[in-house]
1. Roughly how far apart, in whole Å, are the Cα centres of region 58-125 and region 150-192?
2. So what is the accessible area of region 109-201 per residue, in Å², with the probe set to 1.4 Å?
3. With all protein chains present, how much of the accessible area of region 89-143 (probe radius 1.4 Å) comes from carbon and sulfur, to the nearest whole percent?
4. Could you work out the helix-only [θ] at 222 nm for the chain, with each DSSP H run of four or more residues adding -39,500 (n - 2.57) and the total divided by the number of residues, to the nearest 500 deg cm²/dmol?
5. In the Gaussian network model of the chain, springs joining C-alpha atoms below 10 Å, which of 182, 139, 101 carries the largest mean-square fluctuation?
6. May I ask you to list the residues of region 89-118 whose amide nitrogen lies under 19 Å from a point 7 Å from Cα along the Cα→beta-carbon direction of residue 174?
7. Which chymotrypsin sites (Phe, Trp or Tyr not before Pro) in region 122-169 pass both tests, a DSSP loop state and at most 11 other beta-carbon atoms within 10 Å?
8. When the Kirkwood radius is taken over all Cα pairs of region 40-133, what Stokes-Einstein diffusion coefficient follows at 4 °C and 1.567 mPa s, in µm²/s?
Amino acid sequence: EGAVVTVTGIITAIISTTQTNLFLQDATAGINIFSYTYFPFFQPGDSVTFTGVIAQFRGTTEVVPDSGQWTIHAQGKPLPQPLLLTAADVNQTFNDDYSEPNEGRLVRLNGVTYNAANQTFTDVTGTTGGYISSYWTIPSGTFDVVGILKQYKPGLPSTMTPPYTTDYEVVPRSQADILTHPGPSFTEAPSETNIQPASVT
């Protein structure tokens, strides 16, 4: 924390319309760019270089730029393909060497259900954190989701001590990131009963 860094990448997500809160990704990783000052001219697909100071907010690593410490190289660039992960993969974002190579990346989870009360996604590998806006339509069955993998440590900041090794979540950017499956939603696997030589239920 406090180191001055320069990062270049493609903007994958704009999180706020009142603060500068966006995610930047290159071929190696993703990171949060945050400022309390709102700079409204950034858009997803912009290729940008930012210079700023490393900080953390509830476990998410940020680059905090001063006003004007950026260069927009191009606009309308294709966004990187989401990295396909499972809920178990998300939970294991923190590595033994203290690195978090997937934090800040655009990711995809397939075959999930969402628990709005607990703000969690569940797939066949387990359950992990997630947040879908209450203003969006949430499917009742199984669906796929694309979003930013970030960290949000709950509780009072004064009681938090790094390293933050848990509380990862996937946050979709818009309703378009919630990908419903066509046809009926299966809530459990088929099971066989009354197995006979020529029939089965």
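The values are calculated or read from the model by the stated rules, or taken from the named source; none is laboratory data. Because the structure is predicted, anything quoted here is derived from the model rather than measured. Counting neighbours? That spans all protein chains shown, and the Cβs are built from the backbone with ideal geometry, glycine included. The protein model used for the area step is the full one, side chains on, heavy atoms only, and it has no ligands, DNA or RNA in it. Shrake-Rupley method; radii C 1.70, N 1.55, O 1.52, S 1.80 Å.
1. Computed from Cα coordinates, the inter-centre distance equals 10 Å.
2. Details: 5800 Å² over 93 residues.
Counting only protein heavy atoms, the per-residue value for region 109-201 is 62 Å².
3. Working: 1310 of 2970 Å².
Of the solvent-accessible surface of region 89-143, carbon and sulfur hold 44 percent.
4. Numbers: 1 runs with 5 residues, N = 201.
About -500 deg cm²/dmol.
5. In this elastic network of the chain, the residue with the biggest mean-square fluctuation among 182, 139, 101 is 182.
6. 106-109
7. Numbers: sites: 131, 135, 136, 143, 152, 164, 168; in loops: 131, 135, 136, 152, 164.
In loop regions of region 122-169 (DSSP not H, G, I, E or B), the sparsely surrounded chymotrypsin sites (Phe, Trp or Tyr not before Pro) are 135.
8. Values: Rh = 15.8 Å.
Here the translational diffusion coefficient equals 82 µm²/s.
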